[in-house]
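Report on the structure given below.
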Amino acid sequence: MTTAHRGDTAADGPAAEGPVADGPAADRTAAPSLPAPRPGGAGERAMQQRLGTAERADRFYAERTLGHLNTAMREFVARQDMFFLATAAGNGACDSSFRAGPPGFLRVLDERTLAYPEYRGNGVLASLGNIEENPHVGILLVDFFRDRVGLHVNGRARVVEDAAIRTTHPGLPVEQVPGRRAGVWVEVTVEEAYIHCSKHIPRLSRERGGQGADGRDRADRPGGAPGPGDGRRPGGDFFGVSADRP
């Protein structure tokens, strides 16, 4: 999951932002700047050559990828109520997971930093465990409902105690909903951010399915998740795994 940055010299949408400076302006005028390293790993580049997409990939790197979150990206993140998370252990074993919460629960701390609260789950803690071994993470946010577009954010993550992150970011919200009071947060330093185009993203609509026993409309919960008293357990054995155990 390791990649070079894909963006500090990239064009930012229709109107290009200037290159992100790595040194004083005087240094840039004194000598010509070196070209940015080509993004991606050796396997990525080898497959581009093999399948004849290297030129197209270079255009994408140059025109659609940044090493930070621009204004449009930050606004997009603030509207989303779910994302997909990719992590890998130190031995390379991968895991993908889903995170959901109220809109903006993935917080933009600044143009190069994101953070999200780790809500109570099944207790396995696969993502957090992987991050402890290997900080490289991939985040994919997809808006299925309004813009029908996605945003990839790759970077390096670390696990931060709730009290510690509130010391540096006292404005973080305090959740009142049981099960959503985070003991720890995951803080992500952005290394690359780029679009996931709408070509294969279906347009979905949120179901207005009435209210759960907690009085909240199911559509106001990410994915229409059941609330307390809805008659089905979020962590139940939907796939019948228990019956297949010897």
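Being among the basic types (Lys, Arg), out of contact with any helix residue (DSSP H, G or I) (no Cβ under 6 Å at 6 or more places or on another chain) and within 16 Å of ARG156 (Cβ to Cβ), is that true of even one residue in region 112-127?
Pass one, region 112-127, residues among the basic types (Lys, Arg): 112, 120.
From the residues that got through so far, the ones that are out of contact with any helix residue (DSSP H, G or I) (no Cβ under 6 Å at 6 or more places or on another chain) too are 112, 120.
Those left that are additionally within 16 Å of ARG156 (Cβ to Cβ): 112.
Yes, there is a match, as at least one residue in region 112-127 is among the basic types (Lys, Arg), out of contact with any helix residue (DSSP H, G or I) (no Cβ under 6 Å at 6 or more places or on another chain) and within 16 Å of ARG156 (Cβ to Cβ).
Give ALA78, ALA62 a once-over and let me know the one that is assigned to a helix (DSSP H, G or I) and farther than 25 Å from GLY179 by Cα.
On the way: ALA78 fails: farther than 25 Å from GLY179 by Cα.
Matching residue, one of ALA78, ALA62: ALA62.
A quick yes/no check of all residues on (1) of a type in the set (Gly, Ala, Ser); (2) open to solvent by less than 70 Å² (accessible area, probe 1.4 Å); (3) at pLDDT below 75:
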position: HIS169; (1), (2), (3): no, yes, no
position: TRP185; (1), (2), (3): no, yes, no
position: ALA193; (1), (2), (3): yes, yes, no
position: ARG216; (1), (2), (3): no, no, yes
position: ALA243; (1), (2), (3): yes, no, no
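Being closer than 25 Å to TYR61 by Cα, outside any helix (DSSP H, G or I), touching a Lys or Arg at 6+ places or on another chain (Cβ under 8 Å) and open to solvent by less than 30 Å² (accessible area, probe 1.4 Å), is that true of even one residue in region 118-140?
Yes, region 118-140 contains a residue that is closer than 25 Å to TYR61 by Cα, outside any helix (DSSP H, G or I), touching a Lys or Arg at 6+ places or on another chain (Cβ under 8 Å) and open to solvent by less than 30 Å² (accessible area, probe 1.4 Å).
May I ask you to list the residues in region 141-154 that are assigned to a strand (DSSP E or B) and either on the phi > 0 side of the Ramachandran plot or not β-branched (Val, Ile, Thr) (or both)? Explain how you work it out, then say what you get.
Applying the first criterion (assigned to a strand (DSSP E or B)) to region 141-154 yields 141-143, 149-154.
The answer is LEU141, ASP143, GLY150, LEU151, HIS152, ASN154.
Taking VAL124 as meeting all but one of (1) out of contact with any Gly (no Cβ under 6 Å at 6 or more places or on another chain); (2) in contact (Cβ under 8 Å) with a residue 40 or more places away in the chain, write down the number of the exception.
Of everything listed in (1) out of contact with any Gly (no Cβ under 6 Å at 6 or more places or on another chain); (2) in contact (Cβ under 8 Å) with a residue 40 or more places away in the chain, VAL124 misses just condition (2).
Taking only region 49-59 into account, find how many residues are on the phi > 0 side of the Ramachandran plot and in a helix (DSSP H, G or I). Quick ask: steps written out before the conclusion?
From region 49-59, those on the phi > 0 side of the Ramachandran plot are 52; that's our starting set.
Checking the rest, the ones that are also in a helix (DSSP H, G or I) come to none.
Within region 49-59, residues that are on the phi > 0 side of the Ramachandran plot and in a helix (DSSP H, G or I) number 0.
The values are calculated or read from the model by the stated rules, or taken from the named source; none is laboratory data. Quantities reported herein were computed from a predicted structural model and do not represent experimental measurements. Note: ideal-geometry Cβ built from the backbone for every residue, glycine included; neighbour counts use all protein chains shown. The accessibility values were calculated without ligands, DNA or RNA, using every heavy atom of the protein model including side chains. Shrake-Rupley method; radii C 1.70, N 1.55, O 1.52, S 1.80 Å.
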